[in-house]
Amino acid sequence: GDSVTQMEGPVTLSEEAFLTINCTYTATGYPSLFWYVQYPGEGLQLLLKATKADDKGSNKGFEATYRKETTSFHLEKGSVQVSDSAVYFCALSDRSNTGKLIFGQGTTLQVKP
Amino acid sequence: DAGITQSPRYKITETGRQVTLMCHQTWSHSYMFWYRQDLGHGLRLIYYSAAADITDKGEVPDGYVVSRSKTENFPLTLESATRSQTSVYFCASSEVGDGYQPQHFGDGTRLSIL
């Protein structure tokens, strides 16, 4: 079945460092790909999405490109802030007319001043 | 305010008890979902609903029951709680189920079963 694999965390960075969180997926067909962010004590919020190959999703300085050839959707940010500390989830939707999401295990990011 | 609300936010109960988690959304979204979040597993789908009176199982449905008599409400019931059901539960909704639209999540219910 479909699955999503994220890099193990936690990831600890200093403020203004470059961030990469790796995400790879296995899916039949052509899924949509999402990054969600969860701040402490809150639910998940959509960060960005891409719905077809070579699409780039971007929001709040974060970017991710849908790479079909490598089945990847890595999250990047050029300069992280303390306020970016959160748990990041990569997810895919299999377009089976249900909108179900399959999530990776989540990566905790801690940014130190 | 429009949105998706879950109640209670925190719940402690004992094994064998029945407990119901509530979810209410004000957008009139057709699709609603229940997930559980466990360390190392991310979020896993328990049940989902495409419309009122239409529900279907997700990845981990055993021990859970859902209903959806009204579009805006989607309660999740643990009929006889077990310790393995200790988790954080998230409700979500989306306007359509085409896989393009994102889901909108509530703030979660942290459930502890002693």
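Derivation of every value follows stated rules applied to the coordinates shown; laboratory data play no part. Quick caveat: nothing in here was measured; it's all calculated off a predicted structure. Note that we place each Cβ from the backbone using ideal geometry, even for glycine, and neighbour counts take in every protein chain shown.
One table, with the values for the structure above:
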{"quantity": "Only one of A:Phe62, A:Phe89, A:Phe103, A:Phe73 that is out of contact with any Asp or Glu (no Cβ under 6 Å at 6 or more places or on another chain), more than 30 Å from B:Thr5 (Cβ to Cβ) and either among the aromatic types (Phe, Trp, Tyr) or within 8 Å of chain B (Cβ to nearest Cβ) (or both)", "calculated": "A:Phe73"}
{"quantity": "Of all residues in the stretch B:94-113 being β-branched (Val, Ile, Thr) and not in a loop (DSSP other than H, G, I, E, B), the one that is nearest to B:Cys23 (Cα to Cα)", "calculated": "B:Thr109"}
{"quantity": "Elements of type strands (runs of 3 or more DSSP E) in the stretch A:1-57, at least 1 residues being surrounded by fewer than 18 Cβ atoms within 10 Å (Cβ to Cβ)", "calculated": "A:3-6, A:11-14, A:19-21, A:23-26, A:44-50"}
{"quantity": "Single unsatisfied condition, A:Leu33 versus (1) of a type outside the set (S, T, N, Q); (2) over 15 Å from the mean Cα position of the chain (by Cα); (3) within 26 Å of B:Tyr35 (Cα to Cα)", "calculated": "(2)"}
{"quantity": "Segments classed as strands (runs of 3 or more DSSP E), wholly inside the stretch B:13-76, with at least 3 members that are closer than 12 Å to B:Ala92 by Cβ and of a type outside the set (S, T, N, Q)", "calculated": "B:31-38, B:42-51"}
{"quantity": "Matching residues in the stretch A:47-56 - criterion: being within 11 Å of chain B (Cβ to nearest Cβ) and out of contact with any Phe, Trp or Tyr (no Cβ under 6 Å at 6 or more places or on another chain)", "calculated": "A:Lys52"}
{"quantity": "A:Thr98 crowded, with 20+ Cβ neighbours inside 10 Å and free of Cβ contacts under 8 Å to residues at least 40 places away in the same chain", "calculated": "yes"}
{"quantity": "Tabulated pairs, the stretch B:85-113, first within 24 Å of A:Thr51 (Cα to Cα) and more than 7 Å from chain A (Cβ to nearest Cβ), second among the aliphatic types (A, V, I, L, M) and buried (at least 21 other Cβ atoms within 10 Å of the Cβ), C-beta under 6 angstrom, 6+ apart or interchain", "calculated": "B:Ser93/B:Ile4; B:Ser93/B:Met32; B:His104/B:Ile4"}
{"quantity": "Counted residues, the stretch B:77-93 - those being buried (at least 22 other Cβ atoms within 10 Å of the Cβ) and in a helix (DSSP H, G or I)", "calculated": "0"}
